[in-house]
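Worksheet for the structure shown next.
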């Protein structure tokens, strides 16, 4: 310990480097966390703008604004950017900022790897965005990239695939870093079952990612060789099978949706206890529930392909396995509600988003349960019902958790209290418009409106018009969020104290540090009680 | 960071990196595994494209199965392709030969491959072909018209509830396919 103390003295004034190069060369987990979060916010706006192009075109039946090919590229890129550019980097940013602080570590275990895993991202996105300007247009076969359709993509195909490779490598590196940090860098006394739930959900997410990202990389590589090197992995003429692609893709794709949602569960499990002023109800059952969701996510993939002609045994297996996921998820929802039960609750913005998460995510979960039933799914497959379902679990699910996390930790990051009035306005506009946008899509789907089309039959006009109005309100309400963040970063607003939220000291190590925390924290490990 | 910590990081990174590499390999290993799995179980209607041995079966005259013959072309391949009949009635255990006709509608040489599929998928294993144009690539000279016979038998072990089956062929144009042009 004395050696560590000596180093500590030498580096006493070691703050961030000056100038822009600080951000390029930084190995500081807080800097990298900030970079990730800002990138995610920008990508969220870019992906959101694409969603508005989609909704604007769908405001009325007929073709008004964009041609169908461009419409399809918008749908494809909206998904890829929101998944790989919005939600995943945002959670990685939170992990970088918060995990070392929460476990009492001075930094991530592999700081230089950390720098690299971030800086791969901008290149990946530039590559992906550049496909829009290529001959033949951007990728337009949907984010699932099913062959043989996707093989008709023009010059954009190899670039889309390479950008997926780059983004995949980035998330693999980030996951390795998080696993090593949590296993090797915990403060003495911070046993695994004392870890904050956000850290727990991230370990399981990281394990999911190292297992599935390589499979995706391999699968898209097969597409590449099928197109350019004459292999026949998915080409029926050469003895391949396009359905094989769907199995490979969803072997990645289903755990991937849990990669998007598990860290959200972690965030909600941090926020609700703080504002209910009670410890989290059923901590260990939360850990086990998360682990079982992680395991089950690997054996349910074919519920995305009930219509490809699976044998009855397969349909039954995937139906029951999928329904089984409702059990651990139900445990989580039960625990969140029980945490609030008889708590001394207050309703600041993070708590509002957390409560909306619990309610609306559960609704998305219920539609998921409906679709898990394979005979019923034949009706829902590839309709707006699916669109409504996954937007309910991803927007009021993952994205609301990100909003909650931002409002919750923003005073800690910047040392300034955000504008509570604007936060509440942001919440109410967002929570109402998200329902106006996506709720009507359930009805559209049940009535048979297919997804990924630029034009539709006139009987769907009214619900689509509502949905578009909701989407535009939702989109512009996010400018309030951006404004609130910029204000806090510029140091406007009330100074936040160390604890920020009344009694938060009980709920995590981050609240015992100053707000904002110094550039280097926990150089001497904290005492864990 | 002292040495001990660096060592334990390395000890943890290697197994994780192995998982990553292993899963990359697993993705590729799934390709043959999938094919083997489909072949053994007969799931997914995957049809063997090798000829079956000519075995004598006891002909079941009491049963009659309707076999529908479907022909399709992938991506507007310029080939005239049809079967001699839309449906035929067959007795399990008896050998039949049906003729398919292919005609190259262009003035260019054309290479095609027919991919068979049988519905319902679970009946796939009972339809045995001893001779089929789908076993190999089909090369058509300009404007060539050709008969392509298929000789098959339905295994009398076919479950009783199977009264109708569909045998469909989809022709794929592989004239410009890179793997194919290398061979020529």
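The values are calculated or read from the model by the stated rules, or taken from the named source; none is laboratory data. What you are looking at is a predicted structure, and each value in this text was computed from that prediction instead of being measured. When we count neighbours, we look across all protein chains shown, and the Cβ atoms used for this are built from the backbone with ideal geometry, even at glycine.
Brief remarks follow.
- Entirely in region A:52-166, the helices (runs of 4 or more DSSP H) that have 3 or more residues that are at pLDDT 95 or above and farther than 27 Å from residue A:384 by Cα: A:88-103, A:111-130
- Of all the listed residues (A:219, A:225, A:181, A:205), the sole one being surrounded by 24 or more Cβ atoms within 10 Å (Cβ to Cβ) and farther than 21 Å from residue A:118 by Cβ is A:219.
- Taking the criterion of being over 22 Å from residue B:56 (Cβ atoms) and in a loop (DSSP other than H, G, I, E, B), the residues of region B:131-159 that qualify are B:136, B:137, B:141, B:142, B:143, B:144.
- Filter pass, residue B:56 being over 25 Å from residue A:308 (Cα atoms), away from chain A (no Cβ under 11 Å), surrounded by fewer than 14 Cβ atoms within 10 Å (Cβ to Cβ) and modelled with pLDDT under 85: yes
- Residue A:132 vs. criteria under 29 Å from residue A:525 (Cβ atoms) and surrounded by fewer than 19 Cβ atoms within 10 Å (Cβ to Cβ): no
- Residues that are closer than 30 Å to residue B:159 by Cα and either in a strand (DSSP E or B) or not assigned by TED's automatic domain parsing to the domain that holds residue B:54 (or both) within region B:75-107 comprise B:82, B:83, B:87, B:88, B:89, B:90, B:95, B:96, B:97, B:98, B:99, B:100, listed in sequence order.
Conditions tested, residue by residue: (1) at the interface with another protein chain (Cβ under 10 Å from one of its Cβ atoms); (2) farther than 30 Å from residue A:173 by Cα.
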{"site": "B:16", "(1), (2)": "yes, no"}
{"site": "B:36", "(1), (2)": "no, yes"}
{"site": "B:74", "(1), (2)": "yes, yes"}
{"site": "B:78", "(1), (2)": "no, yes"}
{"site": "B:84", "(1), (2)": "no, yes"}
{"site": "B:91", "(1), (2)": "no, yes"}
{"site": "B:106", "(1), (2)": "no, yes"}
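- Inspection of region A:408-430 identifies no residue that is over 21 Å from residue A:487 (Cβ atoms), in a helix (DSSP H, G or I) and in contact (Cβ under 8 Å) with a residue 24 or more places away in the chain.
- Any hit, region B:156-166, residues being within 25 Å of residue B:68 (Cα to Cα), in contact (Cβ under 8 Å) with a residue 40 or more places away in the chain and within 14 Å of chain A (Cβ to nearest Cβ): yes
- Filtered residue count, region A:179-202, keeping only those that are away from chain B (no Cβ under 12 Å) and either touching a strand residue (DSSP E or B) at 6+ places or on another chain (Cβ under 7 Å) or assigned to a helix (DSSP H, G or I) (or both): 9
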